[in-house]
1. Which value in nm describes the separation of the simple spin-label points at residue 57 and residue 118, placed 7 Å from the Cα toward the beta carbon?
2. Could you tell me the convex hull volume per residue, in Å³, taken over the Cα atoms of the chain?
3. Of all beta bridges DSSP finds with both residues in the stretch 6-58, what is the antiparallel percent, to the nearest 5?
4. Which angle between 0 and 90 degrees, to the nearest 10, do you get for helix 179-188 versus the longest principal axis of the chain when only C-alpha atoms count?
5. Computed on alpha carbon atoms, what radius of gyration and Dmax characterise the stretch 44-154, expressed in Å?
6. Taking the chain as the reference, fit the longest principal axis to its C-alpha atoms, fit the long axis of helix 315-324 to the helix C-alpha atoms, and give the angle between the two in degrees, 0 to 90, nearest 10.
7. So for the chain, averaging the separation of alpha carbon pairs under 8 Å that are six or more residues apart and normalising by length, what relative contact order in percent results?
8. Which of 209, 301, 224 comes first, and how do the rest follow, when ranked by fewest Cβ neighbours within 10 Å?
Ligand code: ADP
């Protein structure tokens, strides 16, 4: 195994609050261990086109509290082709970068996995996504901040929902994962969460209406995870209008507000720990793993597991939500 003297770092796919804290942690921890760092801009696109700059500790000063990513992010079709990845590999060779740290979601780590296999190249992944949908880690960077943003928004909508005695469907992000919807619903005292994980088991809307909304309250809020399997909030509202016209239904789609903002303390700490651990992983000779956290301990999850397996929803949370919304 050759010694790693210089690493490259990039952020890819959807941005998430805490990515900057992760960039800072990786950079500082690498320099602390005598490893050079190069920042790669615009994700895999910048790796192909060579948008690369040496990073010193001051390049990551004053960013721990900033949302988004100073390295910018992008989606890159070219990286999904063999030719594109070959160009990326040539850039890494010519820049003298011996290993990569990739911060991103499911798609970005899939790309990392493909590239690492193809060129036998060392890559460490960090889970950076608000969706919390990566297998093998209890939490992903950005999830806690997004959950807090959802909580604040839903609290505000609650004021108008109760004044007008309406049924509100609030659509949250999640891309085929119900973590934000389910925990957001518990945190805001919602009547229910409609999530993709159980879409094929039961008709969640029918169950909700048939069980009746909470009698002690004059407003009803349901969080809906955006996903083709839930149909999303608009489609569910259409169904209510047609099938249960007695309800006055309204829809709010929270959208990109969920991705922004200064990261929460939890996300900053998580990103700092995972970022530092990414360098430990490389020094230990780990390759092609995502660094995650489980029961408050750092774990290394092979890319194959992190991206290929569905992370199950905790059924106890569903039960808690049901019990508390009587
Ligand atoms: P996220 O990382 O947030 O899930 P995307 O799914 O958009 O975001 O993926 C980000 C980028 O990762 C894509 O634009 C592409 O460059 C790369 N990528 C995704 N899937 C693959 C794949 N199967 N092979 C190679 N690259 C991929």
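What follows is calculated from the coordinates using simple rules that are stated; it is not laboratory data. Since this is a predicted model, take the numbers as computed values, not measurements. Using ideal geometry, Cβ is built from the backbone for each residue, glycine included, and neighbour counts are taken over all protein chains shown.
1. About 3.7 nm separates the two model spin labels.
2. 124 Å³
3. Taking every DSSP beta bridge within the stretch 6-58, about 50 percent pair in antiparallel fashion.
4. The answer is roughly 50 degrees.
5. Both quantities, over Cα of the stretch 44-154: 15.6, 50 Å.
6. The answer is roughly 30 degrees.
7. 23 percent
8. Exposure proxy ranking, most exposed first: 209, 301, 224.
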